[in-house]
Amino acid sequence: MAAAGRPRRSCLAVPGSSVKMLGKAQGLPADQVFLDLEDAVAPLAKPAARRNVVAALNDGDWAGKIRAVRVNDLTTPWTYRDVIDVVEGAGANLDCVMLPKVQDATQVRWLDLTLTQLERSLGFEVGRIGIEVQIENAAGLVNVDSIAAASPRVETIVFGPADFMASINMRSLAVGGLIADYPGDPYHYILMRLLMAARMYDKQAIDGPFLQIRDVAGFRTVARRSAALGFDGKWVLHPGQIEAANEVYAPDQADYDHAELILDAYAYCTSAAGGKVGAVMLGDEMIDEASRKMALVIAAKGRAAGMTRTSRFTPPA
């Protein structure tokens with residue numbers, strides 16, 4: 001899996017202005033929690049939100065979770081202070097900085113350089129803090145390849161549907177959902193374009209939020225679309241969406257077991273003990289090197305999700 005295999009099936013957004021929600025998020029089963037300083041925080045509340053985020057990172061129990069902070073975008077007056085205050089205050093307990101509304105590679109390189117200077121001045125390992133880039137407008141999508149390649153710190157390419165819809169004048173207020181007047185999936189090209197850039201440069205691809213937070217069935221429907229394409233996870237805006245995301249972006253048990261069986265069978269059959277054969281039958285299915293590669297993807301997702309296999313390969317007598 002991309003980005004060192006850190007699972008991001010569910011990426012929970014938590015407003016940095018809410019001490020209560022920052023505390024509650026620590027006990028929820030999300031793979032990643034990102035503490036938000038951008039859209040979820042009013043302009044006058046941003047300085048206090050930075051302090052809340054630093055305190056939550058330093059004093060909270062985030063065991064097992066990826067800890068990220070979404071700063072404001074580089075067209076605002078807040079980004080510099082967001083990065084400086086959070087990394088100086090809690091850099092030892094921070095995994096990634098998320099940069100929203102990225103439009104070109106120079107913005108990523110600015111963040112990379114700033115993080116490098118901070119890491120050196122604070123005595124951290126250079127490169128330890130990752131970057132998540134959020135694509136939210138036409139410029140970002142057109143430049144997504146160079147954005148993905150802009151820094152080895154980049155771990156994820158994230159789709160931001162609401163701002164993206166506004167940026168291209170899409171006639172809908174249903175963020176993340178299908179549009180009744182369009183005979184297909186209006187986001188398919190966007191998602192595939194982001195996915196291609198992510199895979200080209202070995203990054204994870206994360207789908208954006210579904211705003212109808214009480215409609216868990218609707219969340220599952222749209223999540224299954226990006227999961228089927230190969231996306232690694234999705235934003236969740238409410239605790240009720242976490243379980244659905246964790247389930248949808250992990251393989252089902254039967255697929256996971258089958259993938260592990262393919263890997264075991266192929267390893268045996270290509271070995272000296274198995275006759276050094278390159279294409280063999282596993283039950284009624286022919287497997288070869290291409291099968292191994294496909295199985296490795298499913299198995300890696302299952303292992304990252306902590307799944308346990310329920311069947312084992314037995315070499316023929």
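The values are calculated or read from the model by the stated rules, or taken from the named source; none is laboratory data. Computed from a predicted model, the values in this text were never measured in an experiment. Every residue, glycine among them, receives a Cβ derived from its backbone with ideal geometry; neighbour counts consider all protein chains shown. These accessible areas exclude ligands, DNA and RNA; they are computed on the full protein's heavy atoms, side chains included. Shrake-Rupley method; radii C 1.70, N 1.55, O 1.52, S 1.80 Å.
Some notes on this structure:
- Selection status of Leu211, surrounded by 15 or more Cβ atoms within 10 Å (Cβ to Cβ) and over 23 Å from Gly130 (Cα atoms): yes
- Residue tally, condition open to solvent by 10 Å² or more (accessible area, probe 1.4 Å) and part of a helix (DSSP H, G or I), over segment 191-208: 5
- Subset of segment 107-139 (residues that are in contact (Cβ under 8 Å) with a residue 24 or more places away in the chain, open to solvent by 30 Å² or more (accessible area, probe 1.4 Å) and out of contact with any Asp or Glu (no Cβ under 9 Å at 6 or more places or on another chain)): Arg109, Trp110, Asp112, Phe124, Ala138
- Any hit, segment 172-186, residues being among the aromatic types (Phe, Trp, Tyr), crowded, with 17+ Cβ neighbours inside 10 Å and either in contact with a His (Cβ under 9 Å, 6 or more places away or on another chain) or under 29 Å from Phe210 (Cβ atoms) (or both): no
- Filter result for Ala30 (within 28 Å of Phe164 (Cα to Cα), touching a Cys at 6+ places or on another chain (Cβ under 9 Å) and not in a helix (DSSP H, G or I)): yes
- Test: Pro161 is surrounded by fewer than 22 Cβ atoms within 10 Å (Cβ to Cβ) and either within 29 Å of Ser291 (Cβ to Cβ) or not small (Gly, Ala, Ser) (or both): no
Yes/no per residue for (1) outside the structural domain of Met192 (by the TED database); (2) within 20 Å of Ala300 (Cβ to Cβ); (3) open to solvent by 20 Å² or more (accessible area, probe 1.4 Å):
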residue	(1), (2), (3)
Ala228	no, yes, yes
Gly233	no, yes, no
Leu237	no, no, yes
Glu243	no, no, yes
Asp257	yes, yes, no
Ile262	yes, yes, no
Ala265	yes, yes, no
Thr270	yes, yes, yes
Val280	yes, no, yes
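- Among the residues of segment 224-254, the ones that are assigned to a helix (DSSP H, G or I) and of a type in the set (Lys, Arg) come to 2 in all.
- Just one residue in the set Thr221, Thr308 is assigned to a loop (DSSP other than H, G, I, E, B), hydroxyl-bearing (Ser, Thr, Tyr) and within 24 Å of the chain's Cα centre (by Cα); that residue is Thr308.
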